[in-house]
């Protein structure tokens, strides 16, 4: 039996054990659903959680006279984690391909940004391009991995999904602006407004347990961006990278950085949508939300 099958069997056994208690009352049912929501979220964060643990753990325990640089170890460990996810079928090859694309576009942006002094990687390493160690691209891959896994785990559907071309336009403009704002006016506020315009009527339909639940898409993007900001603070604390204002001592990354993560999250989400096509939720799951047919076209 594969690792994936063993995990599935244990999950099913756990559900058989807890389900009778959950069905005793509404409160028990809600508590169990909330537990499942948290467990599925944690499982979706597997790649990111392992990466963050490696970054923080090596910061605390890495020996000064290790035979390889800490950053180079993180590159090797990241490749190993990705290989294990694919070998155990916890991640699909088509998802890994899309995640790799985000990995590449993230690395290109990293090279550009470090060249302009937006942040630095303070430790020496061999496996790097310019000032960017190669493990940095895997941090972007973690975001793509989370989105791909959460899409499957919660069987995500949509209500009033916008035309696909608008989401691609937003993603491309957001990515280009990360480069051009060094020379041209920063259009970030306009991009936030654009995202609000195309997504303000769009809802996620997700299923933590048996009953579909709803959430505005923008709220979901903001919440995930907030958690990425939390992870970024741990990353900078562990000297994975450092912003200019942190060179004389660590402090919290300004909350305004959430905006950059929000736009990068949108880019990752649009790339993952190449594999997981946005599907319209059945009409019966959202009777109180006015609906129109999904506008996305293949």
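Could you check which residue among 279, 123, 256 shows the biggest mean-square fluctuation in a GNM of the chain with a 10 Å Cα cutoff?
Evaluated over the chain, the most mobile residue of the options is 256.
So which residue, out of 168, 203, 151, gets the largest mean-square fluctuation from a GNM of the chain using Cα contacts under 10 Å as springs?
Highest fluctuation of the listed residues: 168.
Could you tell me how many degrees, from 0 to 90 and to the nearest 10, lie between the Cα long axis of helix 257-272 and the main elongation axis, the longest principal axis, of the Cα atoms of the chain?
60
How high is the relative contact order of segment 77-224, in percent, counting Cα pairs under 8 Å that sit 6 or more residues apart?
Working: 123 pairs, mean separation 28.8, N = 148.
Reported relative contact order: 19 percent.
Compute the label zone of residue 116 within segment 232-249: residues whose backbone N is under 15 Å from the point 7 Å along Cα-to-Cβ.
So the set is 244.
Quick one: angle between helix 3-22 and the longest Cα principal axis of the chain, in degrees between 0 and 90, rounded to 10, please.
Tilt of helix 3-22: around 50 degrees.
Grab the beta carbon distance between residue 12 and residue 219, set R0 = 45 Å, and tell me the FRET efficiency rounded to 0.05.
Efficiency at R0 = 45 Å is approximately 0.90.
Could you grab the Rg to Rh ratio for segment 97-231? Cα atoms only, Kirkwood for Rh.
1.01
Any idea what % of Cα-Cα pairs in segment 45-285 are farther than 24 Å?
48
Volume per residue, Å³, of the convex hull around the alpha-carbon atoms of segment 1-44?
Numbers: hull volume 2.2 nm³, N = 44.
Spelled out: Cα convex hull of segment 1-44, divided by residues, is 49 Å³.
What order do you get for 215, 139 when you list them from fewest to most C-beta neighbours inside 10 Å?
215, 139
Could you check the spin-label model distance between residue 226 and residue 155? Points 7 Å from the Cα along Cα→Cβ, value in nm.
The two pseudo-label positions are separated by 2.8 nm.
Any idea what % of Cα-Cα pairs in segment 1-152 are farther than 28 Å?
For segment 1-152, the share of Cα pairs beyond 28 Å comes to 36 percent.
Pick from 176, 222, 132 the residue whose mean-square fluctuation is largest in a GNM of the chain, springs joining Cα atoms under 10 Å.
Per the Cα network of the chain with a 10 Å cutoff, 176 tops the list.
Pull out the extension gain between residue 197 and residue 283, defined as 0.36 nm times the separation in residues minus the alpha carbon to alpha carbon distance; nm, one decimal.
28.6 nm
Which whole-angstrom value gives the distance between the alpha carbon centres of segment 249-268 and segment 173-201?
Segment 249-268 and segment 173-201 have Cα centres separated by 14 Å.
For segment 99-125 and segment 214-248, what is the centre-to-centre distance using only Cα atoms, to the nearest Å?
Centre-to-centre distance over Cα atoms comes out at 16 Å.
Quickly work out the residue 184-to-residue 68 label distance, labels modelled 7 Å from Cα along the C-beta direction, and quote it in nm with one decimal.
Once both label points are built, they end up 4.1 nm from each other.
For n ≥ 4 DSSP H runs only, could you compute -39500 (n - 2.57) per run for the chain, divide by its residues and tell me the 222 nm figure to the nearest 500?
When only DSSP H runs of four or more count, the value is -20500 deg cm²/dmol.
Distance between Cα centroids, segment 60-76 to segment 11-34: provide it in whole Å.
44
For helix 70-87, report the angle its Cα long axis makes with the longest principal axis of the Cα atoms of the chain; keep it between 0 and 90° and round to the nearest 10°.
30
Values in this text are rule-based calculations from the coordinates and carry no lab data. Just so it is clear, the structure is predicted and the values come from calculations on it, not from any experiment. Here Cβ is always computed from backbone atoms with ideal geometry, including for glycine, and neighbour counts include all displayed protein chains.
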